[in-house]
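Since the structure comes first, as structure tokens, the remarks are kept for the end.
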Amino acid sequence: MRKPGLGDLIGMVIIATIAAVLLVLVSPNLSRLFTGFSRIEDVPASEVKTRLSGLQVRGWVDAPDYNRAEFGEAWADEDFNGCDTRNDVLARDMASLEFLDAPHNCVVQSGVLRDPYTSHVIQFERGADTSAVVQIDHVVALANAWYSGAWQWDRPTRQRFANDHRNLLAVSGDANQDKGHLSADQWLPENKDYHCAFVARQVWVKSKWGLSVTEAERQAMINVLAKCPVIEIGR
């Protein structure tokens with residue numbers, strides 16, 4: 001019997017490749033499994049679905065480079081309650097709170113956080129070496145917001161966005177650093193039970209502020225939300 005030559009082997013590879021492609025094309029289930037894509041119609045009817053449908057999908061953006069300073073003062077007291085935004089969010093998201101004896105009694109000294117991103121319980125103690133264990137995350141990252149349209153805003157508007165409580169969560173410092181500026185197609189929380197609320201909050205924030213999404217980002221949002229029987233925007 002003749003041994004297969006190089007030409008035979010190449011032909012076999014080509015045939016196997018064509019067969020695999022045809023198998024995916026003729027099987028809707030396999031095709032969906034292969035792509036991982038859902039449709040907007042698969043998302044349960046809700047305000048989140050309506051807002052997601054209304055998000056503008058952008059392509060390449062000719063925007064200046066992102067600079068954190070363009071979002072103004074970090075943790076500014078935009079609601080004029082006498083407390084900075086960081087302490088407002090710590091007080092909202094943690095339990096067993098203790099405050100420093102400071103003006104307005106709003107500087108959080110200690111507390112307990114059940115981190116939504118990891119589901120871990122974290123003991124927080126204010127201090128130079130301990131405060132960073134709990135950080136405040138911009139759910140829609142500032143860099144993401146910048147390229148989604150915020151680069152066109154004036155600085156006061158960007159500062160209000162950076163201090164919008166609905167876009168802020170107290171979370172594990174490690175998880176916050178891991179997320180960084182990434183969007184929903186690039187990062188989701190370790191805690192899978194929080195995926196629905198996380199993406200719903202991103203959709204709500206982007207809709208409220210008129211921010212766009214990339215096609216990949218929008219598709220990732222659809223994929224998550226299509227699996228959510230009840231969609232809650234969250235705190």
Worksheet entry | Per-selection metrics, the range 41-104 (Cα): Rg and Dmax in Å | 19.1, 53
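Determine the share of the range 55-157's accessible area contributed by carbon and sulfur atoms, expressed in whole percent, with a 1.4 angstrom probe. Walk me through the numbers before you get to the answer.
Values: 2740 of 5450 Å².
Here it works out to 50 percent.
Tell me, what is a quarter of the convex hull surface for the C-alpha atoms of the range 108-171, in nm² with one decimal? Write down the numbers at each step before the final one.
Numbers: hull surface 21.1 nm².
Over every viewing direction, the Cα hull of the range 108-171 projects on average to 5.3 nm².
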Discussion item. Students often check this: by mean Cβ neighbours within 10 Å, which of 89-98, 56-65 ranks highest, and how do the rest follow?
Written reply: 89-98, 56-65
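Within the range 108-148, list the chymotrypsin sites (Phe, Trp or Tyr not before Pro) lying in a DSSP loop whose Cβ has at most 12 other Cβ atoms in a 10 Å radius.
Details: sites: TYR117, PHE124, TRP146, TYR147; in loops: TYR117.
Hits after loop and neighbour filter: nothing returned.
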Worksheet entry | Kirkwood-type radius of the range 102-235, with distances r between different C-alpha atoms, in Å | 15.8 Å
Worksheet item: Which listed residue (ASN167, ALA143, VAL43) has the Cα farthest towards the positive end of the charge dipole for the range 30-189, taking +1 on Lys and Arg C-beta and -1 on Asp and Glu C-beta about the Cα centre?
Response: VAL43
Practice prompt. Work out, step by step, the length gained on full extension between ALA226 and ARG68: first 0.36 nm times the residue separation, then minus their alpha carbon distance; give nm to one decimal.
Written response: 53.5 nm
Practice prompt. Sequence neighbours fewer than 8 away in the same chain don't count; with that in mind, list the lysines whose C-alpha is under 27 Å from LYS179.
Written response: LYS49, LYS192, LYS206, LYS208, LYS227
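Would you mind getting the accessible area per residue of the range 42-134, heavy atoms of the protein chains only, 1.4 Å probe, in Å²? The partial results should precede the final answer.
Working: 5290 Å² over 93 residues.
Each residue of the range 42-134 exposes 57 Å² on average to a 1.4 Å probe.
Could you calculate the contour length gain from ASP77 to HIS165, that is, 0.36 nm times the residue separation minus the distance between their Cα atoms, to one decimal place in nm? Present the calculation step by step, with values, prior to reporting the outcome.
Values: separation 88, 0.36 × 88 = 31.68 nm, distance 1.10 nm.
Extending this stretch completely gives an extra 30.6 nm.
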Worksheet item: Based on the Cα coordinates of the range 44-145, what is the per residue volume of their convex hull in Å³?
Response: 180 Å³
Worksheet, complete the sentence: Note: GLN56 to HIS120 extended length (0.36 nm per residue) minus current alpha-carbon separation gives 19.5 nm
Worksheet item: Got a sec to turn the phi values of the range 186-202 into Karplus ³J(HN,Hα) couplings, 6.51 cos²θ - 1.76 cosθ + 1.60 with θ = phi - 60°, whole Hz, x for Gly and Pro?
Response: 10, 7, 9, x, 4, 6, 5, 5, 9, 4, 4, 5, 5, 5, 4, 5, 4
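The values are calculated or read from the model by the stated rules, or taken from the named source; none is laboratory data. Fair warning: this is a prediction, and the values are worked out from it, not measured in the lab. When we count neighbours, we look across all protein chains shown, and the Cβ atoms used for this are built from the backbone with ideal geometry, even at glycine. Accessible surface areas use protein heavy atoms only, side chains included; no ligands, DNA or RNA. Shrake-Rupley method; radii C 1.70, N 1.55, O 1.52, S 1.80 Å.
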